[in-house]
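Structure, as structure tokens:
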Amino acid sequence: MKCQVCTNEMASVRKDLPWETAEGWVMINGVLHWECPVCGEQVFDRNATKEILDKLNRKNISHKLEIPVLK
Ligand SMILES: [Zn+2]
């Protein structure tokens, strides 16, 4: 998959993701998604979206969240 921002090849990575919910920001544990190693653009395909919703439903998340910091 090519990055839409910088056209570099994106990598499939599994990482904790900060996610905004009605109750505020939470951290979802280990979600497989696409990430550009060059500009950091993230893409969530259908599987990633399903995994995110699934983990939200099962509360497989962490509420103890530090403010996301840009690298
Ligand atoms: Zn990129």
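Throughout, read-outs are computed from the coordinates displayed, never taken from laboratory work. Computed from a prediction, not measured in an experiment: that's the story for all the values here. Here the Cβ positions follow ideal geometry from the backbone for every residue, glycine too, while neighbour counts run over all protein chains shown.
For the chain: lysine pairs with Cα atoms under 26 Å, gap of 8 or more or different chains, count? Close lysine pairs found across the chain: 12.
Counting only alpha carbon atoms, the long axis of helix 46-57 and the longest principal axis of the chain meet at about 20°.
Between the range 36-66 and the range 1-30, the alpha-carbon centres lie 6 Å apart.
Mean residue ellipticity at 222 nm, helices only, the chain: -5000 deg cm²/dmol; runs of at least 4 DSSP H residues each add -39,500 (n - 2.57), and the sum is divided by the number of residues.
Using the Cβ atoms and a cut-off under 13 Å, what net charge is assigned to the surroundings of Cys6, where Lys and Arg are +1 and Asp and Glu are -1? Let's see the in-between values first.
Details: positive: Lys2; negative: Glu9, Glu35, Glu41.
Result for the neighbourhood of Cys6: -2.
In units of the compact-protein estimate 2.2 N^0.38 Å, the chain shows a Cα radius of gyration of 1.14.
In this label model, Asn60 and Trp25 are separated by 2.3 nm, measuring between points 7 Å along each Cα→Cβ vector.
In this label model, Lys2 and Asp16 are separated by 3.5 nm, measuring between points 7 Å along each Cα→Cβ vector.
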